[in-house]
Structure formats: structure tokens, C-alpha cells
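Okay, so here's the structure we're looking at.
The values are calculated or read from the model by the stated rules, or taken from the named source; none is laboratory data. All values derive from a computational prediction rather than experimental measurement. Every residue, glycine among them, receives a Cβ derived from its backbone with ideal geometry; neighbour counts consider all protein chains shown. Side chains included, ligands, DNA and RNA excluded: accessible areas come from the protein's heavy atoms. Shrake-Rupley method; radii C 1.70, N 1.55, O 1.52, S 1.80 Å.
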Amino acid sequence: MNEEKNKMKYPLLWIIIPCYNEEEVLPVTAPMFLKQLQDMIHAKLISDQSRILFVNDGSKDKTWQIISDLAKQDEHYIGMSQSRNRGHQNAVLAGLMEARTVSDITISIDCDGQDDITAMTEMVTKYLNGAEVVYGVRSSRDTDTAFKRSTAQLYYKMLNKMGAEVVYNHADYRLMSSRVLDQFADFHEVNLFLRGMVPLVGFSSDTVYYARHERLAGKSHYPLSKMLHLAFDGITSLSVKPIAVITSLGFIVSIVGFIGIIWAIVMACIGSTVAGWTSIVCIVCFLGGIQLLSIGIIGEYVGKLYLESKHRPRYIISDRTWKPYKREYKG
């Protein structure tokens, strides 16, 4: 009985790791995650009942088979599989919601080993000192190309200008307590941008800085096209300022057009009109481009409303390596 009490007095941690076609890197990083978990258990920071949850995001390779084999090798490994690929953000959310009624704290981290796994110790320590959310923030971007570094900096500045509350140089490496997750469950958006949604929940937060490494194996599943899509999704999911910008731009263009009309009338009255094919084409092309861009941005918002109105599930779990249970201790 005393042994059970000692186990339960430490917070129960679930490490949430989304996986998509990670058959090359998973055998490399899985032992690293397990070692970090065991180090924290031995340091009496977390409960021995803590788990490492791999969320298979509809992988087409042997990722799910590897996860299943890991679960048989050690009880600290568990896994669940989505019925189809739903994207990184949905995979993270699925893991968080699965852990919500079971764990006291969760840490979400990517599978590729680029984020410093040992930073988890400091995250848990800051939770024990009172922080409900701990953000993992990159201390530098020295490993990025000059293009990626400059565009990332521009993106974070743009998000803040648009009114979105995001943590600079933070992705999805973070600790969240069960209290935060209970409130986060009330957010029902289909269009997910977790790094912008978590700060909206509130609660006391802290930051852990770490150096980001190169991917340990395999190839990145986030090419430029996906990064741009995530960036645009983040802006349109968290802010309506683009529509306000369109309104302001439309007002300015209208004023310029009105001045142009007055100028054209005056020129016609004094008989100074000349053939102006080039100027007309330029004006038409300019206004046409502005209109199409504006319609496209507004259409993006309308499309999001359409998807939200359907209330479709954000993830569907088809397999688990364990039988779900609920936590007995809530820290």
C-alpha cells in the first residue's frame, strides 16, 4: 500500500509524439525518449506510471508496426493509430485529448529528435514550481538556412501584427497540465493551429530554451508548401485582420479611383485627352489583381466557416495498443 502511495504522489506524465512515415527515425529516437522518461522517474519528478504515447497519423510505411512492437517490449511505450492521415496538428490534438483524463501533465514533441529531449526535465521542474504551461523555445536558428531563418522571423512578426498571440520561436514542444487540457477541450475548431490556441487558454506559463538539432534520420515531412499552408492557416485561424486590411485597401483604391475620375473629367473638359491604352491596361490589371486577391482571402474565411459548420470529428482512432483507463490521481 505504501509503495502504491509513493507512486501516486508524483505527477503522471504522458509524452505525446505524432508520427507520420517515421520508420527510419523511430527506432533511433524511441530509446532516447524512454531513457529520458526513466531518468525523470529515477529523479522522483514523475510517476512510474508515466507513458510515451506514439500517435500514428495514418502512416503508409511500417511506423504502426514499429509502435506496436515497442509497446510489447516495454510497458512505458503505448501507441494509437488514426484511421487516416489528418495532419500533424490533429495528431497532436488526438494525443492530448486521449491523455486528458489519464495524465496530470503532457509534453508534446516531434519524433525526429530535433527538439532537445533533455529539456523535459526542466519543463517538469517548472510545472512543479507552479507553471501550468511550459513552452519549449528555440534559443537560436543557427541550424536553419538563411531563407528559412528570415522567413520564420518575418512570419512571427506578421502573426503578432495580425493580433495573434504566439510565442516567438515556439512550435509544438510544450508541457500542459491536465487543468489546461480540461479547458482546452472546450475549443472545438476544426482548423487547428495549436501554437496560437494554447496561449488563449491562459493559466500561468513559463519558458524553457533549448538548442535545436538536425533531424537524426529520415526526411522532413514539412516541405516549403506545407510550411506556407500552416503559416497561412495560422493567420486566418487566429485573426480577422486580413479582412480589415482588405477593407482599408479597398478604401484607398476607391479614393485613388475617384481622384482619377475627376482628373479624367477635367482633362476632357479642357480638351487635353489623349489615347492612353497603356495606362488603362495597367489600371485594369492592378484593380483586377487587388479584387481577385481580396476575394481569395475572404473566400478562405468563408471556407473555414463552411468546414466549422459541419462539426466533423477532428480525428478518429482506429487502433490502440492498450485498454483506455482514467487517472486515479489528479495533481
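Hey, which of these cross-link pairs are over 28 Å Cα-Cα: 44/323; 35/72; 9/126; 62/323; 60/157?
60/157
Could you pull out every residue, at least 5 positions away or on a different chain, whose amide H is within less than 5 Å of the one on residue 86? Hs are placed 1.01 Å off N in the peptide plane, and Pro or chain starts have none.
Here nothing satisfies the definition.
So for the pair residue 179, residue 61, with labels modelled 7 Å out along Cα→Cβ, what separation do we get in nm?
My value for the distance between the label points is 4.1 nm.
Once phi is turned into ³J(HN,Hα) by the Karplus curve 6.51 cos²θ - 1.76 cosθ + 1.60 with θ = phi - 60°, what whole-Hz value does each residue of the range 83-89 show in order, with x for glycine and proline?
5, 7, 5, 10, x, 4, 5
Within the range 34-59, what residues put their amide N at less than 12 Å from the label point 7 Å along the Cα-to-Cβ vector of residue 121?
Taking a point 7 Å out along Cα→Cβ of residue 121, the residues of the range 34-59 whose backbone N falls under 12 Å are 36-45.
Using the crude model of +1 on Lys and Arg Cβ and -1 on Asp and Glu Cβ, and no other charge, please compute the dipole size for the range 1-86 relative to its Cα centre, in debye to 20. Present the calculation step by step, with values, prior to reporting the outcome.
Working: 11 positive and 12 negative charges, 60 e Å.
The dipole magnitude comes to about 280 debye.
What does a probe at residue 73 reach in the range 89-122, counting residues whose amide N is under 14 Å from the point 7 Å along Cα→Cβ?
none
Taking the simple approach of a point 7 Å from Cα along Cα-to-Cβ for both residue 168 and residue 270, what is their distance in nm?
Reported label-point gap for residue 168 and residue 270 is 5.2 nm.
At 0.36 nm per residue, and after removing the present C-alpha to C-alpha distance, how many nm does the segment from residue 211 to residue 317 gain when stretched out fully?
Working: separation 106, 0.36 × 106 = 38.16 nm, distance 3.35 nm.
Length gained between residue 211 and residue 317: 34.8 nm.
Determine the share of the range 45-96's accessible area contributed by carbon and sulfur atoms, expressed in whole percent, with a 1.4 angstrom probe. Show your work: numbers first, answer last.
Values: 800 of 1850 Å².
So the carbon and sulfur contribution to the accessible surface is 43 percent.
In nm, to one decimal, how far is the modelled label at residue 101 from the one at residue 290, with both set 7 Å along Cα→Cβ?
Result: 5.4 nm between the two label points.
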